[in-house]
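Quick note: the coordinates plus some simple rules give every number you see, no bench work behind them. As the structure is a prediction and not an experimental result, all values here were calculated from the model. With ideal geometry, Cβ positions are generated from the backbone for all residues, glycine too; neighbour counts draw on all protein chains shown.
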Amino acid sequence: QKRFVGDQVLRVLTDKEEHIVLLRELEESEDLQLDYWAAPAKPDLPVDIRVPFPSLQPVKIFLESHGIPYTIMIEDVQTLLDEEKEAMEKARKLERS
Amino acid sequence: SSGFDFSTYHTIEEIYSWMDDLVAQHPNLVSKIQIGESYEKRPLYVLKFSTGRTAKTHRPAIWIDTGIHSREWITQATGVWTANKIATEYGKDASLTAILTSMDIFLEIVTNPDGFAYTHSQNRMWRKTRSINAGSSCKGVDPNRNWDAGFGGPGASNNPCSETYHGPHPFSESETKSIADFILGHGNVMAAISIHSYSQMLMFPYGYKDEPAPDHQELDDLAKEAVDALAAVHGTRYTYGSTMHTIYQADGITIDWTYDNGVKYSYTFELRDTGRYGFLLPASQIIPTAEETWPALTKIMDHVHKHPY
């Protein structure tokens, strides 16, 4: 199963149309392998981007260099996935018992 | 009574098995029909809730689908809870009982079974179908860009590697074609509700064009009632409006096709996120999410029932 160790989900919330345009351009950078959970739509709607670990530094530099505000929504995607899997297994054991 | 835990996420095998249990427990209300099969040959099952046994023509019906984007696990989980709620509330809830006295409800819980199985086995983040794209190493089509309504417009991608790839032609995916064939073949579907996550929105046509739908005002008024009812449960706030104006241009989407094909009450939900988890909503939020979605759904279904057309 594909793992997502170190991947983060960044949330951008901006009121500037030019930031939205930049985020759309960023999406086109195939080498970064970005996964837009919530696509750049319009100002004041959150844009959520899952960023693979190797792309974190360039993406954060890109955002910061353009003054695009962001927060880290999910610190480590794999940690959440591990928790999710563990919860499923626990529930399954309970169901069986 | 089957011991099924609604507050945890389940695999497709577990959901399909539970569907059989539900049918067995409510044989006079619930049946399971197969409307087609997926690219990887999994059955496309729909639960039919019906109290009518003698009608020569199809009764007016409400279509609901969950999980067309496979990684949106909260939607399949909400579909399971909702199916159980319909089965158990019939005969108790006056509004639902009245609806089912004259209408049928069809609910497809795992609308993208290949994608869903793939999220459990290989890649939790998979969204699309699993079909092969000629000339590309990237698999899958976005089944919510694959409908014949504004197909191929700028609100979709022509790149097979994109998460919003529209596919080679409208209804190239059996997962969408099977629904379209079913709705057209049925001929009496009055409402279509397609459930997604996340963003906390309730939207209606259009997504592929800027102009308001002919029924815009009624759809908008009903959406407001529905989101108010939803917010009354746990205080969750939804925005609402046409897809184009609420979020962005989206071409080839389910509800635009249903609307253009005569299904006046066409809505799409974007269920919960609390702004913290995205597609990885913890299982502890399944029941609250489903609980709050239920009054919004019943508000729409009740309106459809009371406003035949």
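General observations
- About its Cα centre, the dipole of chain B is roughly 400 debye, where the only charges are +1 on Lys and Arg Cβ and -1 on Asp and Glu Cβ.
- Taking a straight line from the alpha carbon of B:Lys177, these aspartates and glutamates sit under 20 Å away, with near neighbours fewer than eight places off in the same chain left out: B:Glu37, B:Glu40, B:Asp65, B:Glu108, B:Asp114, B:Asp142, B:Asp148, B:Glu163, B:Asp251, B:Asp256, B:Asp260.
- Given charges at beta-carbon only (K, R positive; D, E negative), |dipole| of the protein assembly as shown in Debye: 1040 debye
- Under Karplus coefficients 6.51, -1.76 and 1.60, residue-wise ³J(HN,Hα) of the stretch B:292-309 in Hz, glycine/proline x: 7, 6, 4, x, 5, 5, 5, 4, 5, 5, 5, 5, 4, 4, 8, 10, x, 8
- With helices as the sole contributors, the protein assembly as shown gives -12000 deg cm²/dmol at 222 nm; each DSSP H run of n ≥ 4 counts as -39500 (n - 2.57), and the sum is divided by every residue.
- Taking a straight line from the alpha carbon of A:Lys60, these lysines sit under 21 Å away, with near neighbours fewer than eight places off in the same chain left out: A:Lys16, A:Lys42.
- Taking every residue in A:82-95 and counting other chain Cβ atoms within 10 Å of its Cβ, the average works out to 4.
- Footprinting exposure proxy for B:Ser242, B:Ser95, A:Ser55 (fewest neighbouring C-beta atoms within 10 Å first): B:Ser95, A:Ser55, B:Ser242
- Centre-to-centre, using Cα atoms only, the stretch B:180-245 and the stretch B:2-70 are separated by 22 Å.
- With θ taken as phi - 60° and the Karplus curve 6.51 cos²θ - 1.76 cosθ + 1.60 applied, the whole-hertz 3J(HN,Hα) list for the stretch B:216-230 is 3, 5, 5, 5, 5, 4, 5, 4, 4, 4, 5, 6, 5, 5, 5 Hz, x standing for glycine and proline.
- Between B:Ile64 and B:Phe106, B:Leu107, B:Glu108, B:Ile193, the built amide H atoms are under 5 Å apart, and every one of these is 5 or more places off in sequence or on another chain.
- Whole-Å distance, taken between Cα centres, linking the stretch A:1-56 and the stretch B:74-115: 35 Å
- Cross-link pairs beyond the 28 Å C-alpha cut-off, checked among A:Lys90/B:Lys85; B:Lys48/B:Lys128; B:Lys92/B:Lys224; B:Lys41/B:Lys299: B:Lys41/B:Lys299
- Shown for B:Asp210, B:Asp302: other C-beta atoms within 10 Å of each C-beta, ranked fewest to most, produce the order B:Asp210, B:Asp302.
- Beta bridges by DSSP in the protein assembly as shown, antiparallel share as percent, to the nearest 5: 50 percent
- Residue order for B:Ser194, B:Ser172, fewest other beta carbons within 10 angstrom first, comes to B:Ser172, B:Ser194.
- Degrees separating the helix A:17-27 axis from the principal Cα axis of chain A, which is the longest one: 60 degrees
- Residue mean of other protein chain beta carbons inside 10 Å, A:8-14: 1
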